[in-house]
Each structure stands twice: as structure tokens, then as C-alpha cells.
Amino acid sequence: MTRRALLDDAVARLQASGVEDARRTAEWIVLEATGATRAAIYARPDVVVDPAECALAHRYVVRRATGEPIQYVLGHTDFYGLRMTVTPDVLIPRPETEEVVEEALRRIRPRAAPWVLDVGTGSGAIALAVATERPDAEVFAVDVSPGALVVARANGDRLGAAVKFLEADVLLPSFAAEVPPAFDLIVSNPPYVPQAERAGLQREVRDHEPATALFVPDGDPLVFYRALAGHAEHLLRPGGWLVAETHADLGRDVVALWRRSGLDAVEVLPDLAHRDRIAVGRRRGERSD
């Protein structure tokens, strides 16, 4: 089978399965299976593909056609310029979370050798992006999922980033005792999708990504933001920042909650689509160091 035939076959199968952007997805699959570049695929479409590579591409197509996200199929995604391994144990990092990283980095820009804590690290995307951009920082990352921490540690080892990964549950009162104190920044992309929205999600998200990383428990949509604000008093240095991604419908509620919790300079910032998605607050007081 030639490159052109392999690509056309993948496009047709994916389109028949209702996969959005079937051609681009088929290109990713053919590139991954053959190791060729996109330019080579189109410049030399009549090159015959090795049968083993054809078989691998077909397996990828079958998996994607059933609704499995392409990032899980290929085993990786790109985030903030970093190649991140992803598995069904972790949420797939989204482009909007890169904006959270940008805001977090902006808040610690004036601080030398800042201490940073990433809560609910998943694949380690936020922590590793911060550590890569700020190699002088002491970065810690926690997650409640042992499976997620396996992925995060592997990403850290591969990228050579000195992030300390810990297993801890931010919803427990003991959380503050399980991590070091005195952070300049706590950053988080916590679960924030209400259970009521589950049925309306894309099948790729609903059926394949880890529910514990997506959905808030019934009854309190602000439970994770409440926990973050409560721990901030003990874990943030005076003047330290709390930055978290939010559901677009919860941004104003998070602001009100954090203000009642005693945080200062609280605001919710829009993402590039002009949705309220990044909550920011600061522990009162000035740094003494």
C-alpha cells in the first residue's frame, strides 16, 4: 500500500465513523505509524509503506474510530512546547490550560527561586511547563491518583525536569501537612465539570478520560476551590499567589468564595475565547524574604 492509499483509507474509515477533522487525524496516524514527515507524505505519495507500518496505522484507525481520543491512541500530546505522554489515567492537557501556565508564570516572574505547588497534576503538564520555564524554581506536584503519578513521573524523567511528585488528596484536612510549606505559588486545574453536564460531553471525553479528573462531586461545585483557599492560608507565603482554572460558569462564584476566604487581589480572567476561566488570588501580607 502506498502512502497515498494508506492516508485515503484512513480518512474514509474515520469519516465513516463520524470522527471530526478526519483528514488531520488520519495524517497524524500515518505520520506516527510510518515515521515520515507531513511534507514527505505529500511530496512522495507513491512510496510503498512497510506492511508492519500499515498494520500499525490500521490499529490506530480502529481505536480512533471507536471514539478513543487520538492523544491516547498515539500515547502523547504537545503542551506548552513539551511532548507529554498521556494515558487513560490522566486528563489530556488542553490549550486553554497553557493560558493558566502563562498567568502562573507571570505571577512569579519577579520572584527569585520561587517555590511552586501544582495541585491535581495529572500528566504533570502544568508543573513540568513551569519547571522548564523557571529552572530556578522548586516545583512540587501532587495528585490523588497513583496511576496519574506514574505518568507524571515518567514525563518528568524524560524531560529532565526536577519536579517532586507526591501522592496527596487536597480535599483532606491533612493535605497541608503532607506537602512542604511556604510556597510562592499554588496552581491547579482541578475537576470542575458538573455531573449534570456528563451526558452532553463529547464521547471522547465522557467515555475515555478519567472521571475523577473531570467531574466535581455532587452537591458542591466549588469543593476544590474551597479546599485550595483553605490550604492557601497555611501553604502560601504572605503575598503568594493562587491560580486555578475554572469552569466558565463558575468563575464569579470562585471569586466570591476566595474573597470570603480572606484572599486578596482576587479576580477571574478571561481565556482567549473571552470566557471566565482563570481565577487568581493572593494571600494577604508582604514577603519577609
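The values are calculated or read from the model by the stated rules, or taken from the named source; none is laboratory data. These numbers were taken from a predicted model, which means no experiment stands behind them. Counting neighbours? That spans all protein chains shown, and the Cβs are built from the backbone with ideal geometry, glycine included.
Tell me, please, whether a residue that is surrounded by 19 or more Cβ atoms within 10 Å (Cβ to Cβ), more than 15 Å from the chain's Cα centre (by Cα), at pLDDT 95 or above and not charged (D, E, K, R) can be found in region 186-206. Scanning region 186-206 turns up at least one residue that is surrounded by 19 or more Cβ atoms within 10 Å (Cβ to Cβ), more than 15 Å from the chain's Cα centre (by Cα), at pLDDT 95 or above and not charged (D, E, K, R). Looking only at region 262-278, count how many residues are crowded, with 18+ Cβ neighbours inside 10 Å and free of Cβ contacts under 8 Å to residues at least 40 places away in the same chain. Selection size over region 262-278: 4.
Listed by position, the helices (runs of 4 or more DSSP H) inside region 1-87 whose residues that are of a type in the set (V, I, T) number at least 2 are 22-34, 51-65, 70-74. Every condition in (1) outside any helix (DSSP H, G or I); (2) exposed (fewer than 15 other Cβ atoms within 10 Å of the Cβ) holds for G281 except the one numbered (2).
Would you call V48 out of contact with any Asp or Glu (no Cβ under 7 Å at 6 or more places or on another chain) and exposed (fewer than 13 other Cβ atoms within 10 Å of the Cβ)? When the stated conditions are applied, V48 passes them.
Checking each residue in region 11-69 for being among the basic types (K, R) and closer than 20 Å to V205 by Cα picks out R24, R63, R64.
Based on what the data block shows, is V73 buried (at least 17 other Cβ atoms within 10 Å of the Cβ), aliphatic (A, V, I, L, M) and over 22 Å from E245 (Cα atoms)? Talk me through it step by step, then tell me what you get.
Working: buried (at least 17 other Cβ atoms within 10 Å of the Cβ): yes; aliphatic (A, V, I, L, M): yes; over 22 Å from E245 (Cα atoms): yes.
Judged against the criteria, V73 is a match.
Within region 182-233, restricting attention to residues that are charged (D, E, K, R) and assigned to a helix (DSSP H, G or I), the residue that is farthest from S17 (Cα to Cα) is E233.
Please enumerate the residues belonging to region 102-126 that are in a helix (DSSP H, G or I) and crowded, with 24+ Cβ neighbours inside 10 Å. Those that are in a helix (DSSP H, G or I) and crowded, with 24+ Cβ neighbours inside 10 Å: A104, A125, I126. For S188, the criteria (1) over 17 Å from A127 (Cβ atoms); (2) among the polar types (S, T, N, Q); (3) in contact (Cβ under 8 Å) with a residue 60 or more places away in the chain hold in every case but one, which is (1). Screening G262 with (1) part of a loop (DSSP other than H, G, I, E, B); (2) touching a strand residue (DSSP E or B) at 6+ places or on another chain (Cβ under 8 Å); (3) under 24 Å from A177 (Cα atoms) gives one miss only, at (2).
Name the pairs whose Cβ atoms lie under 8 Å apart, with the first residue in region 192-221 and on the phi < 0 side of the Ramachandran plot, the second of a type in the set (A, V, I, L, M) and surrounded by fewer than 12 Cβ atoms within 10 Å (Cβ to Cβ), and 6 or more positions between them or separate chains? Going by the 8 Å Cβ cut-off, the qualifying pairs are R206/A199.
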